[in-house]
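**Q** Below is the structure I would like to discuss, written out as structure tokens.
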Amino acid sequence: MLIVVLATSIVWIAWKQYRLRAENAEVVELIAALGGPDRALAAERIESIGSGAVPLLLRAARESPDAEVRNAAARMAVRICLLYEIAGSVDVLMSQEEIRAAVLEELVFLNYHGTNDFEAINRLAEMAERKDWIHALDRICDLHLRSWAELFCQSNDPDAELIRSVRAKDASDAYEYLLIQFAWTSDSIDDVVPFLSDASVGTQLDLMRLMSERMKEADGRSRQNGAEAFTAWLGTILSTADPDRKHHAAICFGLTADPSQWLILRKLLSSDHSKVRLGAIEGLGLLGNDAATPDLRRFLRSSSWRERRAAIAALGLLRDEGALEEISEILFRDDVRVRMAAVQFVEKIGSSTAGSLLVRALLESPAPDIGCPFNGQFRSALTAAIVPRSDFGELKIPELSETHDEDLKLRIEALKRAARARSGQQPASEESGR
């Protein structure tokens, strides 16, 4: 019996070795065919063999005298390794500089077609150097350029030369993706201006929104950071473009232009389009010229709550104490969303009567209502503005006994506890506002 088992094992091992040699021979032939007219059929067959083909593909990628076969073998190895989650093999391929562009080409292809293993693709993409990506760019078909741009930008910042190269390929999707990345990372906003005229309207809007965010984060420093050409471009948008672009251009203009140029935005206050007026109001606040305050005060009486809110925010940026009386009245009689802007204004101006004014506004504020979620937010904004005040301990916070407004009772009690904690009578056990 033992002899039979041994004989069977020997036969099985011999058969397995034979099949392996036969399969290896087939793979070798198929790899050689990757450089010929039947490359598509050969690639399909190699992929069906699966992980067993990887060692021979790696060897061909390293040693084949045919450059086309080396590149095709590298791409096939990448595809199978990711498909079968074979760790380490693709890392070996990435270490070989002469075929790295082919590996990147396959990564871009797989990323475009939504291969599941995005984590591996991203990790391998980050292993490549910038020069490898640039070398691979000439190998990528136009359809996959956006995918190339996404992977490239994970570990590289685009520059003007690269943007020009992609623009020459007439691949608008990849070009505009890189342009937005370039706008975010470039040292000077003006570096982006030569490319703006080629961008679509949608991308121009995205760029202006992005520029606004970037300049607001810079806290105004961008005025001294090479924005002259960008400001001039914004001027052309303000004089010719559609309302959406004018709206965002006006905000950006307020962040980059010299305050003496405020009359350019003032003209837009009389626009027939509300979006343009809103952009001009916000832009004038950001521009920082006090000469605009009389024009902005007019919008405190606008029929549009959005314009009233924007005007209050702009006057707050300009620290217009002359508007305090009118805006204080808004705390008690306007749309709750406008009232919240008035809270911020009163808090920002910081007059001696602001604390008692905010307490009174809280006492007279509308109760939270299922139909109007902003009422609760308004009360939270008031309490958040009251507690940090230096005169908080001196404010008179009344007792509330005859009211059915439980929310208001809780907030007043929280204020009282915070006041006692401030004066050292007892620690506040709860937050001052909900």
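The values are calculated or read from the model by the stated rules, or taken from the named source; none is laboratory data. Keep in mind that what you see is a predicted model, and the values were worked out from it rather than measured. Counting neighbours? That spans all protein chains shown, and the Cβs are built from the backbone with ideal geometry, glycine included.
**Q** Of these, 140, 121, which one is at pLDDT below 90, assigned by TED's automatic domain parsing to the domain that holds residue 91 and in a loop (DSSP other than H, G, I, E, B)? Explain how you work it out, then say what you get.
**A** Values: 121 fails: in a loop (DSSP other than H, G, I, E, B).
The unique qualifying residue is 140.
**Q** Right, something else. If we keep just the residues of region 153-173 that are of a type in the set (A, V, I, L, M, F, W, C) and either within 23 Å of residue 252 (Cβ to Cβ) or over 17 Å from the mean Cα position of the chain (by Cα) (or both), which is surrounded by the fewest Cβ atoms within 10 Å (Cβ to Cβ)? Full working, then the answer.
**A** If we filter region 153-173 for residues that are of a type in the set (A, V, I, L, M, F, W, C), which is where we start, we get 153, 160, 162-163, 166, 168, 171.
With the extra rule that they be either within 23 Å of residue 252 (Cβ to Cβ) or over 17 Å from the mean Cα position of the chain (by Cα) (or both), the set shrinks to 160, 162-163, 166, 168, 171.
Numbers: 160: 13, 162: 19, 163: 22, 166: 23, 168: 9, 171: 21.
Of everything passing the filter in region 153-173, 168 is surrounded by the fewest Cβ atoms within 10 Å (Cβ to Cβ).
**Q** Report whether or not residue 70 is surrounded by fewer than 18 Cβ atoms within 10 Å (Cβ to Cβ) and not hydroxyl-bearing (Ser, Thr, Tyr).
**A** Considered against the rule, which asks whether it is surrounded by fewer than 18 Cβ atoms within 10 Å (Cβ to Cβ) and not hydroxyl-bearing (Ser, Thr, Tyr), residue 70 comes out as no.
**Q** Identify, by number, the condition in (1) surrounded by fewer than 18 Cβ atoms within 10 Å (Cβ to Cβ); (2) at pLDDT below 75 that residue 90 doesn't meet.
**A** Of everything listed in (1) surrounded by fewer than 18 Cβ atoms within 10 Å (Cβ to Cβ); (2) at pLDDT below 75, residue 90 misses just condition (1).
**Q** A follow-up question, please. Can you find, within region 187-230, the residue that is modelled with the highest pLDDT among those that are of a type in the set (Ser, Thr, Tyr) and crowded, with 17+ Cβ neighbours inside 10 Å?
**A** 203
**Q** Cβ-Cβ below 7 Å, separation at least six or inter-chain, first residue in region 303-324 and among the aromatic types (Phe, Trp, Tyr), second not in a helix (DSSP H, G or I): which pairs?
**A** Once the first residue is among the aromatic types (Phe, Trp, Tyr) and sits in region 303-324, its partners that are not in a helix (DSSP H, G or I) give 305/335.
**Q** Taking region 237-255, which residues are buried (at least 24 other Cβ atoms within 10 Å of the Cβ) and small (Gly, Ala, Ser)?
**A** Listed by number, the residues that qualify are 249, 250, 254.
**Q** Still on this structure, please answer the following. Kindly indicate whether any position in region 383-394 is part of a helix (DSSP H, G or I) and within 29 Å of residue 273 (Cβ to Cβ).
**A** No, region 383-394 contains no residue that is part of a helix (DSSP H, G or I) and within 29 Å of residue 273 (Cβ to Cβ).
**Q** Here is a list of conditions, (1) among the acidic types (Asp, Glu); (2) in contact (Cβ under 8 Å) with a residue 12 or more places away in the chain; (3) on the phi < 0 side of the Ramachandran plot, and residue 138 meets all of them except one; can you say which number that is?
**A** (2)
**Q** Being hydroxyl-bearing (Ser, Thr, Tyr) and closer than 23 Å to residue 94 by Cβ is the filter here, so list the residues in region 26-64 that pass it.
**A** Hits for region 26-64 are 51, 64.
**Q** Here's another thing I want to ask about it. All but one of (1) at pLDDT 95 or above; (2) surrounded by fewer than 18 Cβ atoms within 10 Å (Cβ to Cβ); (3) within 25 Å of residue 197 (Cα to Cα) hold for residue 277; state the number of the condition that does not hold.
**A** Here residue 277 clears every test but (2).
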